[in-house]
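Trainee: Structure provided below as C-alpha cells; questions to follow.
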Amino acid sequence: MTGTDALLSDWHTHSNQTDGADSIPAMADAALLAGLNIWGLSDHVRASSDWLDEYHREVRALRRGDLDIRCGLETKLLNTAGDLDLPVRLPTLDYLLLADHQFPGESGPLGPSTVRAQLERGERRGEDVIADLITATVNGLAKSPFPPIVAHLFSLLPKMGLDESLVTDEHVDALAAACLANGGAVEINEKWRCPSSRVAVRLAQSGVPITCGTDAHSVGAVASRDYIDSVLAGGGITPTHGVGTQQALADEPRLS
Ligand SMILES: [Zn+2]
Ligand SMILES: [Zn+2]
C-alpha cells in the first residue's frame, strides 16, 4: 500500500524511566491496545545514564501478543562533529533516535534561546545555523553505534526563531546521503509536527526509510497520529519497518 501504514508502527515513545508519565509495562499495554504492530520504546539517554542495563532487560522481557517490541533510546546531538550524548558502555539496542534537543554548535550544545538571541544581535546567520545543524546530523548518523533514526528533524528551528524556508534541497540531499550511507532513517514526528511534507517527500524519494514516531510521553498518546498520516498520505510515503531488524546475536552489554 502506498501512502498508508499497512503495519502500524510507533518508534518514538517514552516511559517514566525518563520523562514519561507511565511505566514501561503500561506503555506496552497501550501499544497493544492501540493496535500497533511494531512498538519501540525510546527513553532519553545521556552520558551519565546508569539505568540502561535494567531498562534493556525489562524491555527485552516484555511480551504482548503479536506486538513486535523494539528497544531503543533517544540521544542528543552534541556538536557539529556529530558526537552523541551517550555513555561509553551500552546494551545492544535495536535503534537510536538522534535528536536536536539543543543546537549542536561547533564547540558544544547551545540552548535555542541563546542561539535565537545571537541571531537577533546579528552574531550568527540563519543560513549558518541550518548548515551547522545539517552537519551535526550528518556526522551523528555516521557515529551512531546502532541503526540511527533522526528524531523530530528541524523541531529546533522555531525555538530559534527560524523555519524550514532556509533549508535547501542540497541540505536535504546531504542528509539523505548520510542516511543511506549509514543505514539511517528519518521519522515523521507527531508531537512536533515535523519535518515538513516537502522535506519528508524529498527524503523518501531519495530512498531514505521513513519511520513514524508519536513522541508519546503517556499511554494516551501512543499511536495517536494525525500529522503523521497527513504527511504519509499527502506524499505517498510508505513507512519502513526495517530499522534495526538485524537483531544482535547476544543481548549482552557491549563496549562501543
Ligand atoms: Zn526528543
Ligand atoms: Zn522523544
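Trainee: Can you tell which of V167, V59, V88 shows the greatest fluctuation in a Gaussian network model of the chain with Cα springs below 10 Å?
Mentor: V88
Trainee: Using DSSP, restrict attention to beta bridges with both residues in the range 1-160 and report what percent are antiparallel, rounded to the nearest 5.
Mentor: 20 percent
Trainee: Per residue, what volume in Å³ does the Cα convex hull of the chain take up?
Mentor: Cα convex hull per residue, to the nearest whole number: 115 Å³.
Trainee: Determine the gain in length on full extension of the stretch D128-S197; use 0.36 nm per residue of separation and subtract their C-alpha separation, reporting nm with one decimal.
Mentor: 22.5 nm
Trainee: Where the only charges are on Cβ atoms (+1 Lys, Arg; -1 Asp, Glu), what is the dipole of the chain about its Cα centre, to the nearest 20 debye? Could you put the intermediate results ahead of the total?
Mentor: Working: 20 positive and 35 negative charges, 18 e Å.
With Lys and Arg at +1 and Asp and Glu at -1, about 80 debye.
Trainee: Enumerate the aspartates and glutamates that K159 could reach by cross-link, defined here as Cα to Cα under 15 Å, with residues fewer than 8 away along the same chain left out.
Mentor: Result set, ordered by chain and number: D100, E120.
Trainee: Among A151, A136, A117, which one shows the biggest mean-square fluctuation in a GNM of the chain, springs joining Cα atoms closer than 10 Å?
Mentor: A117
Trainee: For a quick check, take a GNM of the chain with Cα springs below 10 Å and name the residue from S218, S165, S48 with the largest mean-square fluctuation.
Mentor: Of the options given, S165 has the highest mean-square fluctuation.
Trainee: In what order, largest first, do R225, R116, R70, R46 sit by accessible area if the probe radius is 1.4 Å?
Mentor: Working: R225 40, R116 95, R70 10, R46 135 Å².
Listed by decreasing accessible area, they come as R46, R116, R225, R70.
The values are calculated or read from the model by the stated rules, or taken from the named source; none is laboratory data. All of these numbers come straight from a predicted model, not from anything done at the bench. Don't worry about glycine lacking a Cβ; one is built from the backbone with ideal geometry, like all the others, and counts go over all protein chains shown. With ligands, DNA and RNA removed, areas are computed over all heavy atoms of the protein, side chains included. Shrake-Rupley method; radii C 1.70, N 1.55, O 1.52, S 1.80 Å.
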